[in-house]
1. What residues qualify as long-range amide H neighbours of B:Ala80, i.e. H under 5 Å apart, gap of 5 or more or another chain, H built at 1.01 Å from N?
2. Assuming R0 = 51 Å, what is the FRET efficiency of A:Leu76 and B:Met1, from their Cβ-Cβ distance, to the nearest 0.05?
3. Over segment A:31-241, what relative contact order in percent results from Cα pairs under 8 Å that are six or more residues apart?
4. Over all residues in A:34-41, what is the mean tally of Cβ atoms on other chains that come within 10 Å of each residue's Cβ?
5. Counting other Cβ atoms within 10 Å, which chymotrypsin sites (Phe, Trp or Tyr not before Pro) in segment B:1-60 have at most 12 and lie in a DSSP loop?
6. First check a/c for the protein assembly as shown, with a ≥ b ≥ c the square roots of the eigenvalues of its C-alpha gyration tensor; if it is under 1.5, answer rounded, and if not, answer prolate when a/b is larger than b/c or oblate otherwise.
7. Quick check on my link table: of A:Lys35/B:Lys78; A:Lys108/A:Lys164; A:Lys39/B:Lys78, which ones sit more than 20 Å apart, alpha carbon to alpha carbon?
8. For peptide B:73-84, what's the mean number of Cβ atoms from other chains within 10 Å of each residue's Cβ?
Amino acid sequence: MSRRIIILILLFTATLIASFTATIILNPATPSELKGLAKYYVLNTINETASPEAVTAIVWDYRGLDTIYETLVLYLAIVGGLAMFKMSEEALLKTRIGLTLLSKTSTKIVALLIASIAAAIVFHGHLSPGGGFPGGSAVAVASMIIIPVFAAGTLIEKGVSSTKLVAIRGAALTALGLVALLPVVKGLEIVTNQRFYPASILGLPISGSLSLYNLFESLAVASGFTAIALYLSIPEEAHKGGSGA
Amino acid sequence: MLEAFTYILIIAVLGLNALVSIYGIVYGRSLVKKLISLTILSDTVLVAVIFAGFYYAYPIVPPVYQDLAGAGREFLVKHASDPLPQALVLTGIVIGLAVNALIAFGIIQAYRLAKTTDARKVVEVLSGVEVTE
C-alpha cells in the first residue's frame, strides 16, 4: 500500500518537473483567439439557424445528423441494459416501504423545484445555455430522488412501469425522426432547419426545429434514465426471492 | 511564462490522469473498479476535448447572443468560448452515462451468476476454464 503512495507522489512530482522544464525549454505560444471553425459558428449562428445560442445550433443544426445517430446509440444502450436484466415486476412490488413522512414531503417539494428548473432548461434551450440533454438529465435526477424515497413498488402500483417508460422513449424518438424527415417531403435535405421550419410562431422565437428537437430529446433522455433507475433500485434480497435471473 | 506553464501543466496532468485510469482498467481486480477507472478515463478525454477549444481572453462569455437582432457580434468573436467542443461534450456525457449504465447492468448480472466481481474469478466460474496469471 505504501509503495503505491510513493509511486503516486513520484508521478506527481515528475509531472510537475516535466511541465516546468518543457515551459523553460520550449516556451510555447498559447492560443489567444478563437479557432477559425468556431469563429464561423459564432458569427453565423443567428442568421443561419435563428438561434442566438451557438451550442444548440451546432448540436441540432450544423451537426444534426450526428446527434440523431447519437440518440440512437443512447436508445440501444438503454434497451440493451433493460433486456439484459429481464426482471419481472413481482420482485419490484416487494419493495413497498419508503422512507419517513418527513422525507417524503420534503422530496415532493425538492422534486417539484428540480422539475420546474428542468422545464426552464428545456424550453429556453434554443435561447440560453441548456437544451434537451441537460434538461432531460435534470428530470432524471428528480426521478432518481423520488424512486428510493417512495420505493419502487409503490410507483409501479401507481402505474409507472418500465414498459411504459420505454414506450414514451420510443414515441419521443419517433417524433424526433419525423421532425428530421419532414423537410424531405418538400425536396429539401434531411435535418433541414431554417428553409423549412419558421423562426418564430406568433412572435415567440422558436428557432425552427431546434426547440422541437430539444423537447423530444429531453423526453427521451428523462424516460430512459428513469427506466434505468427503476431497474437498478431493486435490492438484492428482493431479487433472490423473486423470479430469478 | 505563467500562461505557458499552466497550459503545459494541464496537458501533463491530463496525460497522468489517463495513465492512472488505464492502469486501473488493465490491472484492477474488481469489475466495479474497472468501471470506475473507465469513467475517469472518459471524463479525462472530455476535459481534453474542452481544452482543445481553450484560449486566453478576458472576460470570457458563453457563445450566446444577448438579443435576436445579432448585436455585439464583434465582442462575441473576441470573447466567446469555443462552442464546438461544448456541443461534442454535451452529447458525449449523456452517451457515456448510458453506456456506463449498460456496463453496470452487465456487472450486476455477472455478480448474480458468479457471486463475485473479481474479473478472473467471474471468467473461471462462468466458463469453467482456470485463469493463470
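1. It is B:Val61, by chain and number.
2. 0.55
3. On the way: 269 pairs, mean separation 61.5, N = 211.
Once normalised by length, the contact order is 29 percent.
4. Details: counts 12, 6, 0, 4, 11, 5, 1, 6.
Averaged over the peptide's residues, the number is 6.
5. The qualifying sites are B:Tyr56.
6. Taking the square roots of the gyration eigenvalues as a ≥ b ≥ c, the protein assembly as shown is oblate.
7. Table pairs above 20 Å Cα-Cα are A:Lys108/A:Lys164.
8. 6
Readers should treat all values here as calculations from the given coordinates under stated rules, not as data from a laboratory. Note that the structure is predicted; figures quoted are calculated from it, not measured. Neighbour counts run over all protein chains shown; Cβ positions are idealised from the backbone, glycine included.
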